[in-house]
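The values are calculated or read from the model by the stated rules, or taken from the named source; none is laboratory data. Values in this document were obtained by computation on a predicted structure and should not be read as measured data. Using ideal geometry, Cβ is built from the backbone for each residue, glycine included, and neighbour counts are taken over all protein chains shown. For accessibility, only protein heavy atoms count, side chains too; no ligands or nucleic acids. Shrake-Rupley method; radii C 1.70, N 1.55, O 1.52, S 1.80 Å.
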Amino acid sequence: MSKKTSNPIQSLKIPRFIIISSKICAFISTKLATKYAAKLFTTPIKHKVPKRELEMDRKSIQNKMYVPAIEKSIITYEYGKSERKILLVHGWSGRGTQLFKIADELLQNGYSTISFDAPAHGKSEGRTTIMSDFIESILEIEKQYGPFDVAIGHSLGGMSVLNAIKNGLKVEKAVIIGSGDIVQDILDDFISKLGLKPKMSNLLCAYFENKYQTKMDNYSAYRAAMQIKTPVLVIHDNDDPEVAVKAGIHIHEHLENGTLFLTDKLGHRKILGNQNVIKKVLDFIKSN
């Protein structure tokens, strides 16, 4: 039996009608296809809060917070009352309660957590967002809720945590789980899933660089890692269908003070609730 059929972990698939729409746009005009792809790339899917996250949602103190740097508002979640605060950052199409199992364990060990719905995510306003919105939200949260002992980020949240530290976030330690790495690789994968020609990835990158007047590679996680002296625990699953394990390995290689922990058969999201992973996170946070 092949690994594809035996492995229950599957990558999220882009709906067929979107793939067809992308190809129609590409047939009509490369420029139109680029704009359409850019719109899709910056539009997260808002999911209803799952039952398993409702307790954290109910017990958290929630506030609307304005982030001046991006002129957007976000919803924050204060969970627990300890002075030992840990920042939790969800990934693309996630929510502030998505890391609830980690948050629950942290509470039981004397910590409190602050998390948030990034712009256009969860209960926060808007329909589109980009990684720099995540980063600026983190930096503003530090001003209003910090200081934080540790920052923990999942997927895009992991990339954002590393970039935030590079840009001045002060934490004693950081944990990134299933983090993306090279922005161009992420664009390549996205264009591939849309069924478009590889050259569209370069056009999409150029579109964003022109729009935001910055090099997209400046946001690549390994580049941030090169400038970080903070101890960082990198956790990634060997079978992650969303973000290949090479991303975590590559980030770790560029950290001055990094620890790598690889898992098997946990995929991209199940890894957040795994007890061995949570124990590893707690041990890392408590270690001297």
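Miscellaneous remarks
- Most mobile listed residue (Met131, Met216, Met159) in the chain, GNM with C-alpha springs under 10 Å: Met216
- Degrees, to the nearest 10: 156-166 long Cα axis against longest axis of the chain: 70
- Distance histogram in 10 Å bins (all Cα pairs of segment 71-155, percent per bin): 19, 55, 24, 2
- Degrees, to the nearest 10: 30-41 long Cα axis against longest axis of the chain: 20
- Here the dipole of segment 154-288 is about 300 debye; that uses its Cα centre as origin and unit charges on the Cβ of Lys and Arg (positive) and Asp and Glu (negative).
- Portion, in percent, of the accessible area of the chain that falls on carbon or sulfur, probe 1.4 Å: 53
- Working note: 222 nm ellipticity from helices only, DSSP H runs with n ≥ 4, each -39,500 (n - 2.57), summed and divided by the residues of the chain, gives -12500 deg cm²/dmol to the nearest 500.
- The magnitude of the dipole of the chain, with charges of +1 and -1 set on the Cβ of Lys/Arg and Asp/Glu and taken from the Cα centre, is near 920 debye.
- Largest mean-square fluctuation among Lys81, Lys46, Lys101, in a Gaussian network model of the chain whose springs join Cα atoms under 10 Å apart, belongs to Lys81.
- For segment 124-233, the fraction of C-alpha pairs more than 23 angstrom apart is 32%.
- Computed log₁₀ I(q)/I(0) - Debye formula, equal Cα scatterers, no solvent, segment 1-147, q 0.16, 0.18 Å⁻¹: -0.91, -1.03
- Helix 16-28 axis versus longest C-alpha principal axis of the chain: approximately 50°, rounded to the nearest ten.
- Within the chain, antiparallel bridges make up roughly 35 percent of the DSSP beta bridges whose residues both belong there.
- Scoring 138-144, 180-186 by mean Cβ neighbours within 10 Å over their residues and listing the highest first yields 180-186, 138-144.
- Counting only protein heavy atoms and a 1.4 Å probe, the chain has 49 square angstrom of accessible area per residue.
- One compactness figure for the chain is 0.98, namely its Cα radius of gyration divided by 2.2 N^0.38 Å.
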